[in-house]
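Only one structure is covered here, and it is reproduced in the block below.
Each value in this text was obtained by applying a stated rule to the coordinates, not by laboratory testing. Because the structure is a prediction, the values reported are computed rather than measured. Positions of Cβ are backbone-derived with ideal geometry, glycine not excepted, and every protein chain shown enters the neighbour counts.
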Amino acid sequence: MTNLNKYVDHTNLKADSTKSVIEGLCAVAKEWDFASVCVNPCNITLAKELLAGTDVKVCTVIGFPLGQNTTAVKVAETEDAYNLGCEEFDMVINIGRLKDKEYDYVKNEIAAVVKAAKGKTVKVIIETGMLTDEEKVIVTRLCCEAGAHFVKTCTGMGPGIATVEDIKLMKANVTGGVKVKASSGIKTYADAKALIEVGAERLGTSSGVAIIEGSKQ
């Protein structure tokens, strides 16, 4: 599998991540030329400095991990991250509103974040472990209608992990060139290969190096 490294969003979103941890994260991402590092908003500036001169992008999270912020707060987070130089934004939907069938609310919120990102890549985390298959289909379509660039499985902080079944379902319901990101529980090359083969075009993982090394065996 070629260019496997460019599927990887090398991720550390832990609450106790120190500067030295982020320095290590970025060093590994730089060495292996991953697609991006995904860090909490307070670490954007440090990651930008460490990755200057490389093509490894800086990604952050919006409304993470619960998605229960107001739309105004999610927009403000996005604008702040954009101004700090962030290039990709992984936002969490309001899962409660989705379950309440307030579909316009969910779609409008995604669209507001997309607008605030000013053309930069927006990936929408739908937290598949909390949804029925019907809800997964509905929200995948809402993401596409709202102008998102990716639909993403999980935060890694909730129930469930990225599964082949969910990626297939999401891939079957995206339109307009919207892509699918698998995140949570991706530890090995076998995991990554199975998800990519059914349509994942980005992988959120802290095991990128193990995945790449596993591909060479």
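The table below lists the values:
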{"quantity": "Computed FRET value (nearest 0.05) for Ser215 with Glu165, which takes r as the C-beta separation and R₀ as 25 Å", "calculated": "0.60"}
{"quantity": "Length released on extending from Ala76 to Ala27, taking residue separation times 0.36 nm less the Cα-Cα span", "calculated": "14.7 nm"}
{"quantity": "Two-site FRET efficiency, Lys14 against Lys99, from Cβ-Cβ distance with R₀ of 22 Å, rounded to 0.05", "calculated": "0.20"}
{"quantity": "Total formal charge among the other residues, if their Cβ is under 13 angstrom from that of Thr175, Lys/Arg +1 and Asp/Glu -1", "calculated": "+2"}
{"quantity": "Alpha-carbon centroid distance for the pair region 181-217 / region 1-56, whole angstrom", "calculated": "16"}
{"quantity": "Disulfide-incompatible cysteines by the Cβ rule (no partner under 4.7 Å) in the chain", "calculated": "Cys26, Cys42, Cys86, Cys143, Cys144, Cys154"}
{"quantity": "Computed helical MRE - 222 nm, the chain, DSSP H runs ≥ 4 contributing -39500 (n - 2.57), nearest 500", "calculated": "-12500 deg cm²/dmol"}
{"quantity": "Among 18-26, 180-188, the order from most to least packed when residues are scored by Cβ within 10 Å on average", "calculated": "180-188, 18-26"}
{"quantity": "Sequence ranges 106-116, 44-54, ranked by mean other-Cβ count within 10 angstrom, highest first", "calculated": "106-116, 44-54"}
{"quantity": "Label-to-label distance, nm, for residues given as Glu49 and Glu197 (7 Å Cα→Cβ offset)", "calculated": "4.4"}
